[in-house]
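The values are calculated or read from the model by the stated rules, or taken from the named source; none is laboratory data. Quick caveat: nothing in here was measured; it's all calculated off a predicted structure. Every residue, glycine among them, receives a Cβ derived from its backbone with ideal geometry; neighbour counts consider all protein chains shown. Keep in mind that these areas ignore ligands, DNA and RNA; they rest on the heavy atoms of the full protein, side chains included. Shrake-Rupley method; radii C 1.70, N 1.55, O 1.52, S 1.80 Å.
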Amino acid sequence: MTTGTSRRTVLATGATGAAALFTGCGGGGDGADGTSASEGTRGAGEALAATADIPVGGGRIFKDRKVVVTQPQEGEFKAFSAVCTHRACLVSAVADGTINCPCHGSRFSITDGAVEHGPAQVPLPAEQITISGNSIQLG
């Protein structure tokens, strides 16, 4: 019977190691357990930036809040989770109409968070923002 116990111990240890390997890619597993990647990282009505800080046709990443805000067209602001849906890395750039993940090359639309280039297969989740005067706020 000790062989069965040892085998279980080895399998359990291997599974734990594999799980740690798959959570790699930066974000510490944010979003991998079905929770929002930005839960607990922001408060409602919290000012992020001035509208002038978000370039038309581009965006800005707020790493500490795990949010990316874009302005696809002048005066139209969108917000998405900054956590890639592929392996939970934080996106690193907004360029040429896409939100870009450095880990495996996934790119997402600045308009609706849709996958423009994989390996990600799931769009970036939308985040709630409000515009008050020239201020962009979460919530």
The residue that is surrounded by the fewest Cβ atoms within 10 Å (Cβ to Cβ), considering only those in the stretch 76-87 that are modelled with pLDDT of 95 or more and part of a loop (DSSP other than H, G, I, E, B), is HIS86
Starting from residues that are open to solvent by 40 Å² or more (accessible area, probe 1.4 Å) and part of a loop (DSSP other than H, G, I, E, B), keep the ones in the stretch 88-103 and report whichever is farthest from LEU48 (Cα to Cα).
-> CYS103
Among ILE131, ILE136, ILE110, which is the only one that is of a type in the set (A, V, I, L, M, F, W, C), in contact with a Phe, Trp or Tyr (Cβ under 9 Å, 6 or more places away or on another chain), under 14 Å from ILE54 (Cβ atoms) and open to solvent by 30 Å² or more (accessible area, probe 1.4 Å)?
-> ILE131
Looking only at the stretch 113-128, which residues are of a type in the set (A, V, I, L, M, F, W, C), assigned to a strand (DSSP E or B) and surrounded by 13 or more Cβ atoms within 10 Å (Cβ to Cβ)?
-> VAL115
Yes/no for VAL56 being among the aliphatic types (A, V, I, L, M), farther than 21 Å from GLY139 by Cβ and open to solvent by 60 Å² or more (accessible area, probe 1.4 Å) | yes
Subset tally (residues that are in contact with an Asp or Glu (Cβ under 9 Å, 6 or more places away or on another chain) and within 14 Å of ILE110 (Cα to Cα)) for the stretch 84-97 = 1
